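Right, one structure below, let's go through it.
The values are calculated or read from the model by the stated rules, or taken from the named source; none is laboratory data. Being a predicted model, the structure only gives us computed values, none of them experimental. We place every Cβ from the backbone using ideal geometry, glycine too, and count neighbours over all the protein chains shown. The protein model used for the area step is the full one, side chains on, heavy atoms only, and it has no ligands, DNA or RNA in it. Shrake-Rupley method; radii C 1.70, N 1.55, O 1.52, S 1.80 Å.
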Amino acid sequence: MAVRSDVAIKVCVHCKCDRSEHEIGPNQVLSVYERLGIKPTDEMAAVMKTSSRDTPGSVSHGYAWVPPGLTRVKVEEFFSQYPNHVIPRLNSLGEKYREKQLMIQLPRQDLSIAYCKHLRTPVERRIYEEFVNARNEISLDIGFVCPSLPKSAECKKCRGVLEKGDIAVTASKMGEDAVWHPACFICATCEQLLVDLTYCAREDKIFCERHYAELHKPRCSACDELIFAGEYTKAMNKDWHSDHFCCWNCDTTLTGQRYILRDDHPFCIKCYEDVFANTCDECTKPIGIDSKDLSYKDKHWHEDCFLCNMCKISLVDKPFGSKNDRIFCSNCYDNAFATRCDGCNEIFRAGMKKMEYKGKQWHDKCFCCATCKVPIGTKSFIPKNEEVYCANCYEDKFATRCTKCKKVISTGGVTYKNEPWHRECFCCTNCSSSLAGQRFTSKDDKPYCANCYGDLFAKRCNACVKPITGIGGAKFISFEDRHWHNDCFICAQCTTSLVGKGFITDGADILCPECAKARLMAAHS
């Protein structure tokens, strides 16, 4: 990672992300006392001195850090109260978390003037030293882990009970009775575990050093140093050294200058326009921050360039249409591209209702019945020969009507001699009984039921006197003015059928030749 250490930029030169987002290498100072530049108390020095490499705090036991003076069992009990991902086991996420928290909670530039690059004057350096000395003497300290409480107590953070014999964290700057659960020993501002139990006390609260310092001095958002100058810049809800509030792209100072905020980063006017300004689709020049940027479908225009492609009138605050990546006023668009009504050939303007059917389209008022010319609207219609008709006009003009009653046949009609009839209207001409589904015959193009036809028009059998209708293909015999059913044409004497045989008439009787001969012989004997 390349970090611009020569200027007030706390971001990577290459990727522009915060340095804390890059992987942090192993911390070279494992002792927090060495990092802080302070000496442990005599009591803590004695505890640390008696600790050897065989104690649970040594690297060989698998942790990057443990509270000094604890047995291995107590170390495990202590860390059992931590969330698993922050336990500083070697080569784990917890170790990386600790290293990162050392940088964040204990920034070197807060601890030693040797790491400060932006103390400009002797006065600022003096004030810095006074702040560090006062903090170290009054507030800064490292917590101590009591492996077994001598009596029950209340946790200062969660107000829960710590029983006698429980493991607890104590802080001498907060008083003898102040105790915490290990997982409750956190900064009052960021609520993160205090790294290696390092804290600052203020008004009965504990803080990490970073946030304690920020209660007293503003911190520059660029260089991350505390600001000891009399004047500084406030922008974007952050504090900056006056010469550190810079363009995110070119590092030009923005103090007293106009700037543009983009993705939470400030840019000078030139860089913003070079990097982010849109190009006008009409004149192809950049649209600066002092110009209105009018946009439509990923295209942009200066306000003065937002014109109809045909008549060149301004389209600002006016309706317009787009075609083939060009924009037009409503009149030019309608005249050039709008669809036209298949009825009146006029265009469809914005807001007009459009009726569509089989690839054609009409204005609402032009979609009319071909006969009565009344607009159909949402009513049902019937198409016929490229025309449309309302139901009434279609019925009047095209519907099938009964030959008898002249009314429309909607269902189940009867056809007779190529003419349509209602079933109930197709009746016997004489008795008016329905002929639908019945046998019938006709006389002079009029239908009659079998009975009426026989009674009115049929020949009568000379033998049984019943009508000979011929319905169903029945055959009959005629001789002179007399007629017989086939079944009735029999010898009057022996009743033998005479159909297809010779016969002899004797008055009203017909006889087979044998019976006629016998009757003749009997008459002359």
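To the nearest 20 Debye, how big is the dipole of the range 400-457 about its Cα centre, given +1 on the beta carbon of each Lys and Arg and -1 on that of each Asp and Glu?
Working: 9 positive and 5 negative charges, 45 e Å.
With Lys and Arg at +1 and Asp and Glu at -1, about 220 debye.
In the chain, carbon and sulfur make up what percent of the accessible area (probe 1.4 Å)? Looking at the chain in its full context, I get 49 percent from C and S.
Using +1 on the beta carbon of Lys and Arg, -1 on that of Asp and Glu, and nothing else charged, what's the dipole of the chain about the Cα centre, debye to 20? Mind dumping the intermediate values first?
Details: 72 positive and 68 negative charges, 614 e Å.
Charge dipole, the chain, about its Cα centre: 2940 debye, nearest 20.
The modelled label-to-label distance between SER242 and LYS384, using points 7 Å beyond Cα along the C-beta direction, is 9.4 nm. Toward the positive end of the charge dipole of the chain, with +1 on the Cβ of Lys and Arg and -1 on the Cβ of Asp and Glu, the farthest Cα among SER139, SER432, PHE367 is that of SER432. Figure note: MET103, MET352 ranked by solvent-accessible area, largest first, 1.4 Å probe, ligands and nucleic acids not counted: MET352, MET103.
Could you tell me the calculated FRET efficiency between LYS173 and ASN324, based on Cβ-Cβ distance and R0 = 56 angstrom, to the nearest 0.05? That pair, LYS173 with ASN324, gives E of 0.15. Taking each residue as 0.36 nm, the span from ASP396 to CYS464 lengthens on full extension beyond its C-alpha to C-alpha distance by 19.1 nm. Placing R0 at 60 angstrom, the Cβ-Cβ distance between ASN486 and GLU346 gives a FRET efficiency of 0.15 after rounding to 0.05. SER314 sits with roughly 50 Å² accessible to a 1.4 Å probe, with DNA, RNA and ligands left out of the calculation. Here CYS208 sits with roughly 0 square angstrom of accessible surface, probe radius 1.4 Å. Entry note, the range 356-417: relative contact order of 19 percent, from Cα contacts under 8 Å with a spacing of 6+ residues. Straight-line cross-link reach from LYS446 at under 25 Å between alpha-carbon atoms covers these lysines, not counting any fewer than eight positions away in the same chain: LYS404, LYS406, LYS407, LYS417, LYS459, LYS466, LYS475. For the range 372-456, trypsin sites (Lys or Arg not before Pro) meeting the loop criterion (DSSP other than H, G, I, E, B) and having at most 14 other Cβ atoms within 10 Å: LYS373, LYS379, LYS404, LYS406, LYS407, LYS417, ARG439. With the simple spin-label model, which puts each label point 7 Å out from Cα in the Cβ direction, the HIS85 to LYS270 separation comes to 4.4 nm. Once the Cα atoms are used to define both axes, helix 513-524 deviates from the longest principal axis of the chain by about 30 degrees.
The Cβ shell under 11 Å around CYS515 holds other residues with a net charge of -1, Lys and Arg each +1, Asp and Glu each -1. Between LYS117 and PHE457, the contour length at 0.36 nm per residue exceeds the alpha carbon distance by 108.9 nm. Remark: spin-label model distance LYS406-SER433 equals 3.0 nm, labels positioned 7 Å along the Cα→Cβ axis.
Other residues lying with their Cβ under 14 Å from the Cβ of GLY454 contribute a combined charge of +4, Lys and Arg counting +1, Asp and Glu -1. 3J(HN,Hα) along the range 86-102: 10, 5, x, 5, 4, 6, 10, 4, x, 5, 5, 4, 4, 4, 5, 5, 4 Hz, from the Karplus curve 6.51 cos²θ - 1.76 cosθ + 1.60 with θ = phi - 60°, whole Hz, x for Gly and Pro. Positive end of the dipole of the chain, charges at C-beta (+1 Lys, Arg; -1 Asp, Glu), about the Cα centre: which of ILE167, PRO107, PHE267 has its Cα farthest in that direction? The one lying farthest along the dipole's positive direction is PHE267. Relative to the longest principal axis of the Cα atoms of the chain, the long axis of helix 122-138 makes an angle of roughly 90 degrees. Taking Cβ atoms as reference points and 15 Å as the exclusive limit, the residues near GLU386 contribute a net charge of +2, counting Lys and Arg as +1 and Asp and Glu as -1. Taking the helices alone, the chain has a mean residue ellipticity at 222 nm of -5500 deg cm²/dmol, built from -39,500 (n - 2.57) per DSSP H run of at least 4 residues and averaged over all its residues. Counting only heavy atoms of the protein chains and using a 1.4 Å probe, ASP263 has close to 110 Å² of accessible surface. Of the trypsin sites (Lys or Arg not before Pro) found in the range 210-260, those that fall in a DSSP loop while having at most 11 other beta-carbon atoms within 10 Å are ARG258.
Here are several values of P(r) over Cα pairs in 10 Å bins from 0, in percent: [x] 4, 18, 30, 27, 15, 5, 1, 0; [y] 4, 17, 26, 24, 14, 7, 4, 2, 1, 0; [z] 3, 11, 12, 9, 7, 6, 6, 7, 6, 6, 5, 5, 5, 5, 4, 2, 1, 0, 0. Which one was derived from the coordinates shown? Evaluating P(r) over Cα pairs in 10 Å bins from 0, in percent on these atoms matches [z]. Once you reduce the range 480-524 and the range 271-305 to the center of their Cα atoms, the two points are 122 Å from each other.
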